[in-house]
Amino acid sequence: MKRGCLLSILFTFVGLSFLQAQPLRESSYETMIETAEEQYALKDYYRALEWYEKAYDESSDQEIIPYIAELHYKLRDYNRAENWYTRLLRRDKNNKWGEVRFEYARTLKMLGKYDEAILEFQQFVAETEDPVKKELAKAELTGCQMALSAQNVEPDVTIVHAGNKINTRTSEYAATLNRTGEMMYYVGFQTDDIIEVDEANDYHAQILVAKKGEKGWDDPRPLGKEVNRPGVNSSSVALSSDGNTMYFTRAVLMGNVVTDSRLYYSVGGDGNWSGAEEVEGINGDYQVKHPAVGELFGSEVLFFVSDMGGGEGQYDIFYATRRGEGVYGEPVNLGSKINTLGNEITPFYHDGTLYFSSDGHPGYGGYDIFYTTWDGVQWSEPKNLGPGYNTMVDDKYFTLDQEGFKGLLLSNREGGRSVKSKTCCDDIYYFEIDKIVANLVVGVFDENRKPLLGATVQLIDTKTNDTNSQTQDEGNRFDYGLGLELPYDIYASREGYFPDSTSINTIGLTESKTYEHRFYLRKKPVEKPPVVVEITEPEFDTITIEEAIVLENILYDFNKADIKPEAEPDLQLILELMNQYPEMIIEMRSHTDYRGESPYNERLSQRRAESARNWLIDKGIAGERIVAKGYGENVPQTISARMSAAKDLFEVGTVLTPGFIDSLDTEEMRELAHDFNRRTEFKIIEGPTSIVIRRARLQKSDDPNTVINKLGEEIKISPLSALYNKDVYEGVPILVVDDRTINFGTVKKGEKREHTFRISNKGDEIAKIALVSVCECTTVEKDWDEIQPGQTVELKIIFDSSEKDESEIIDIDIFLDNEIPESEDPWIEKLRYRFDIQK
């Protein structure tokens, strides 16, 4: 009878093998080595380790140390592996064993010794001639840096051990949930003891099922022989989305070596599984494991893992399209975006997202869980699922129930059960994700704040234009359920009242929320005499349908959407025209300059257009006659003849694109171009084909930011100055900079750039400098603390890009001790520079 053996973690299931034992006996050193080599060849790593250690105790032969260290590493006993690798490499003066530094560094990483691991990976990268391991080591370096950055990050999920009824002291595998999350299928051996393997007592992996009770998971039971064939190892269980088809693998061993692993399926559902049949189209002369049902290009597919040829690494993720029950098309590799030079395993698909584990992408430990999303054409770049789900060791088999709020994963993290070292064996862990629910409650009242019956409220998903309309004849409350990560428009109306609207969005919600909004609708007058626009001036403009007319006095401060007082003449003109042409429907179009992120600019321009629309609605214009549309930075201004005549700087037909603006010589010219782009227009989209407007009504008012100082100099006040729009230019310093905004262009990370700003005081007071504030990446050099009237000084900056990973705009804030008349705001003069980091 053969003596018992420990279950190794290196079987093809992602890890399990029988370790057939041979009795230890007094033997010569040569016999010990020969026996160890035989057991190693059979992948009986535990028994091989025993013989190598016994041989080392007998001889202290240094040549045995690499094998002992490797076997501890393979058995995931990282503390002992570290000790033996350290002993080996400290004595390796000639770098004979330099290649094992990779495993040593990984060992340190999986012990959480990231700083030490970084040093070892760096040395390995510098010395190795193995191109595959070099790339893997570079990924490991990135993973170590990620782990250090995340050390103080609180996990956003609680992972709970599935309990001792499920988890034994040996490893469990391939856990998955049914549709409701109340039943678990997984693979195990159901023993806490070292397995005795002999002719009369044989163990094989079985697929088990357990129900979730009030106090945790109930005792598991093995599925019948229809699935668990006697004498065969069953593993890698997965369920179809309807729960009626089970996919799993059957593995054949010769000794301790997996000679075949093939994919099977069974139909029927919980408790009623049919006899298993082999899947057609996927199996071949290679290993197949870890099936997962998903969808691509509108068709059901089966994801799986294989070492078949043509892949990126040892084990890759593939998919095959379903042709019929148990029949699949040709396997397709998911490609290098997902598959690496390492191993990608245990895929799971849920609602357009593919989860998988990898030891080739940068991670916190050995195998980390990643996810990638499918947009109908391609996969996104994989992202790490983060702390909690991932640890410094192995985390895999991520799975969710149908709703996506209950899940399982397997891990050898400390705290689980084990038959050998603290991290030798995988246990099943359970988690629940809090449901985020968004609701909307709308109340409709009259202007006296009394409930208004008979109103209609429309909720519009502005992403899809889907509309949910409700009319309440016997109440004034409207309840809606909202989707997540969506923007909405809300419109309230009632016959005889002016309509109103507002906008909300559920983007970025991290907890459940009920939005509330009250509309107070104003009653329409019985009669309203028309407003007649008298046209007495000799110069007129004819505005035709679909022609966009810029309202030159509707200006906005940078990054704001408030209507300024000087905008009201233009809005009054629109109000008069809307009353003069009651059949006219217009589009209020708002545009931003290109500063800021594009999605933010689109939202900002939409708010600006809504501000103008709301002003007109407040004056009595029906909301359905005004379409508010924000275009962000997407439609640069084209210079018209009227614009060119007003500002003789740009030729007719010039398009103010970002590239054109950046090429302009001075900040003043760039700011003027930004002013042209940052505009509100109106366009007739229905009604009269043309209208006539006195040209003077469309002309821009005098610019309050162009002033004449006491020396008779015309000065343009920069938007980056504290005096911008203040209309106070006497008894104060007026700081003029040759170019307040500079562009360093594309900068390679680690490079330094310099620039000297020339600052002149064109006012009649001393500028008293209190502080120059800027980020740590910038050094400021100056030899002055005040600027006399008429004086010009220089301020030198040195930008160091060493810590920068993304393109950025940096502000330099100059704080003055002077006071701005009639204002409590601090006096801050801004300089600015921008750069792009070379990727």
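Considering every Cα-Cα pair within the stretch 47-90, what fraction, in whole percent, is farther apart than 17 Å?
Numbers: 204 of 946 pairs.
Considering the stretch 47-90, 22 percent of its Cα-Cα pairs are separated by more than 17 Å.
Charges at C-beta only: +1 for Lys and Arg, -1 for Asp and Glu. How large is the resulting dipole of the stretch 264-318 about its Cα centre, in Debye rounded to 20?
Values: 1 positive and 10 negative charges, 19 e Å.
Approximately 100 debye in magnitude.
Using Stokes-Einstein with the Kirkwood hydrodynamic radius over Cα pairs, what translational diffusion coefficient do you get for the stretch 58-172 at 37 °C and a viscosity of 0.692 mPa s, in µm²/s rounded to a whole number?
Details: Rh = 16.0 Å.
My calculation gives 206 µm²/s for D.
Place a +1 charge on the Cβ of each Lys and Arg in the stretch 235-369 and a -1 charge on the Cβ of each Asp and Glu, then give the dipole magnitude about the Cα centre in debye, rounded to the nearest 20.
On the way: 6 positive and 18 negative charges, 21 e Å.
The dipole magnitude comes to about 100 debye.
Using the reciprocal of the averaged 1/r over all distinct C-alpha pairs, how large is the Kirkwood radius of the stretch 102-151 in Å? It would help to have the intermediate numbers written out before the result.
On the way: mean 1/r = 0.0952 Å⁻¹.
Hydrodynamic radius (Kirkwood, Cα only) of the stretch 102-151 equals 10.5 Å.
Going Cα to Cα from LYS113, which lysines come in below 21 Å? Please leave out same-chain ones fewer than 8 positions away.
Straight-line reach from LYS113, under 21 Å: LYS74, LYS133, LYS134, LYS138, LYS422.
Compute the accessible area per residue over the stretch 574-685, keeping the other protein chains in place, probe 1.4 Å, unit Å².
Numbers: 4470 Å² over 112 residues.
Solvent-accessible surface per residue comes out at 40 Å².
Distances over 46 Å make up what percent of all Cα-Cα pairs in the chain? If you can, show how the numbers build up before the last one.
On the way: 167220 of 351541 pairs.
In whole percent, the share of Cα-Cα pairs in the chain beyond 46 Å is 48.
Using the reciprocal of the averaged 1/r over all distinct C-alpha pairs, how large is the Kirkwood radius of the stretch 693-839 in Å?
Numbers: mean 1/r = 0.0591 Å⁻¹.
Across the stretch 693-839, the inverse of the average 1/r is 16.9 Å.
For the stretch 401-508, report the translational diffusion coefficient in µm²/s to the nearest whole number, using Stokes-Einstein at 25 °C, 0.890 mPa s, and a Kirkwood Rh over Cα pairs. Before the final figure, lay out the partial values.
Numbers: Rh = 17.8 Å.
Taking Rh from Cα pairs, D becomes 138 µm²/s.
If you put +1 on each Lys and Arg Cβ and -1 on each Asp and Glu Cβ, how big is the dipole of the chain around its Cα centre, in Debye rounded to 20?
1320 debye
For the peptides 731-739, 442-450, what is the packing order when you average, over each peptide's residues, the other Cβ atoms within 10 Å and list the highest mean first? If you can, show how the numbers build up before the last one.
Numbers: 731-739: 18.4, 442-450: 15.4.
Order by mean packing, descending: 731-739, 442-450.
Give the residue from TYR367, SER807, PRO599 lying farthest towards the positive end of the charge dipole for the chain; charges sit on Cβ (+1 for Lys and Arg, -1 for Asp and Glu) and the dipole is referred to the Cα centre.
TYR367
To the nearest 10 degrees, how steeply does helix 45-59 sit against the main Cα axis of the chain, on a 0 to 90 scale?
With both axes taken from Cα atoms, the answer is about 70 degrees.
Using only Cα atoms, find the angle between the long axis of helix 101-110 and the longest principal axis of the chain, and express it within 0 to 90 degrees, rounded to the nearest 10.
Once rounded, one gets 70 degrees.
Using a 10 Å cut-off on Cβ atoms, rank the peptides 53-59, 775-781, 378-384, 81-87 from the highest mean neighbour count down.
On the way: 53-59: 16.9, 775-781: 12.9, 378-384: 14.4, 81-87: 20.1.
Order by mean packing, descending: 81-87, 53-59, 378-384, 775-781.
Diagonalise the Cα gyration tensor of the stretch 307-456 and give the resulting equivalent ellipsoid semi-axes, square root of 5 times each eigenvalue, largest first, whole Å. Let's see the in-between values first.
Working: eigenvalues 333, 115, 42 Å².
Equivalent ellipsoid semi-axes, largest first: 41, 24, 14 Å.
Expressed as a whole percent, how much of the Cα-Cα distance distribution for the stretch 761-839 exceeds 19 Å?
Values: 1411 of 3081 pairs.
The calculated P(r) of the stretch 761-839 puts 46 percent of pairs beyond 19 Å.
Rank ALA612, VAL232, GLN62 by how far each Cα sits towards the positive end of the charge dipole of the chain (+1 on Lys, Arg Cβ; -1 on Asp, Glu Cβ) and give me just the farthest.
Farthest towards the positive end: VAL232.
When the helices in the chain are scored as -39500 (n - 2.57) per DSSP H run of 4 or longer and the sum is shared across all residues, what 222 nm value do you end up with, to the nearest 500 deg cm²/dmol? All intermediate terms of the calculation are to be shown ahead of the outcome.
On the way: 13 runs with 154 residues, N = 839.
Helices in the chain give a 222 nm mean residue ellipticity of -5500 deg cm²/dmol.
Hey, if you put +1 on the Cβ of every Lys and Arg and -1 on every Asp and Glu Cβ in the chain, which of PHE405, THR456, GLY188 ends up farthest toward the positive end of that dipole?
It is GLY188, whose Cα lies furthest towards the positive end.
If you bin every alpha carbon distance in the stretch 24-122 into 5 Å steps from zero, what whole percent lands in each bin?
Calculated P(r), rounded to whole percents: 2, 14, 24, 21, 18, 11, 6, 2, 1.
Round to a whole number: what % of the accessible area of the chain belongs to carbon and sulfur, probe 1.4 Å?
On the way: 17920 of 39930 Å².
Reported share for carbon and sulfur atoms: 45 percent.
Here are some pairs, LYS629/LYS830; LYS749/LYS830; LYS726/LYS762; which of them have Cα atoms lying more than 23 Å apart in this structure?
Details: LYS629/LYS830 32 Å; LYS749/LYS830 25 Å; LYS726/LYS762 16 Å.
From LYS629/LYS830; LYS749/LYS830; LYS726/LYS762, over 23 Å: LYS629/LYS830; LYS749/LYS830.
The values are calculated or read from the model by the stated rules, or taken from the named source; none is laboratory data. Everything numeric here is computed off the predicted structure, so don't read it as measured data. Because the Cβ atoms are built from the backbone with ideal geometry, glycine has one as well, and the counts that use them run over all protein chains shown. Ligands, DNA and RNA are excluded from the accessible area calculation, which covers all protein heavy atoms including side chains. Shrake-Rupley method; radii C 1.70, N 1.55, O 1.52, S 1.80 Å.
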